[in-house]
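Engineer: Dropping the structure in here first, questions after.
The values are calculated or read from the model by the stated rules, or taken from the named source; none is laboratory data. It should be emphasised that the depicted structure is a prediction, and the values quoted were computed from it without experimental measurement. Backbone-built Cβ (ideal geometry, glycine too); neighbour counts: all protein chains shown. Only protein heavy atoms, including side chains, enter the accessible area calculation; ligands, DNA and RNA are left aside. Shrake-Rupley method; radii C 1.70, N 1.55, O 1.52, S 1.80 Å.
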Amino acid sequence: QVQLVESGGGLVQPGGSLTLSCVASGSIFNIYTMGWYRQAPGKMRELVATVANNGYIDHSDSVKGRFTISRDNAKNTVSLQMHSLKPGDTAVYYCYADLIEGGSVQNYGYWGQGTQVTVFS
């Protein structure tokens, strides 16, 4: 059973920084894309940033220049360094991985349970 476990959320003042981490565990053959999405109250879940196994990075325009995504393929981990945080960044942040389980030939998307990030004055 594949699991994605996030850590690193919390409370921070505007202008502050947080780092989120996610590790994928279980029987994993290959991970194509790992990344982060977020969902604020009353809003749809939206892309924050993803990184493919070839290193290609996709960012939301709202976080470019403030958030940095990185990935360790050997450890099946992805991190999100968040700087210059704004109240508008307040949301539940979800780790995502597009991967193939061991013994399978089909890739599927998996989600973590989410971690709360709250930016308040």
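Engineer: Give the residue, chosen from Arg71, Arg38, that is basic (Lys, Arg), open to solvent by less than 30 Å² (accessible area, probe 1.4 Å), under 22 Å from Val2 (Cβ atoms) and not in a loop (DSSP other than H, G, I, E, B).
Structural biologist: Arg38
Engineer: If you go through region 5-35, how many residues are open to solvent by less than 20 Å² (accessible area, probe 1.4 Å) and either among the hydroxyl-bearing types (Ser, Thr, Tyr) or under 17 Å from Ala74 (Cβ atoms) (or both)?
Structural biologist: Here the count works out to 4.
Engineer: Right, another one. Based on what the data block shows, is Glu101 touching a strand residue (DSSP E or B) at 6+ places or on another chain (Cβ under 7 Å), at pLDDT below 95 and among the acidic types (Asp, Glu)?
Structural biologist: Judged against the criteria, Glu101 is a match.
Engineer: Filter region 62-78 down to residues that are under 12 Å from the mean Cα position of the chain (by Cα) and in contact (Cβ under 8 Å) with a residue 24 or more places away in the chain, then give me how many there are.
Structural biologist: 4
Engineer: Could you tell me whether any residue of region 79-95 is surrounded by fewer than 13 Cβ atoms within 10 Å (Cβ to Cβ), within 15 Å of the chain's Cα centre (by Cα) and not in a strand (DSSP E or B)?
Structural biologist: Checking region 79-95: not a single residue is surrounded by fewer than 13 Cβ atoms within 10 Å (Cβ to Cβ), within 15 Å of the chain's Cα centre (by Cα) and not in a strand (DSSP E or B).
Engineer: Assess whether Tyr110 counts as being open to solvent by 70 Å² or more (accessible area, probe 1.4 Å), modelled with pLDDT of 95 or more and not in a loop (DSSP other than H, G, I, E, B).
Structural biologist: Spelling it out, it is not the case that Tyr110 is open to solvent by 70 Å² or more (accessible area, probe 1.4 Å), modelled with pLDDT of 95 or more and not in a loop (DSSP other than H, G, I, E, B).
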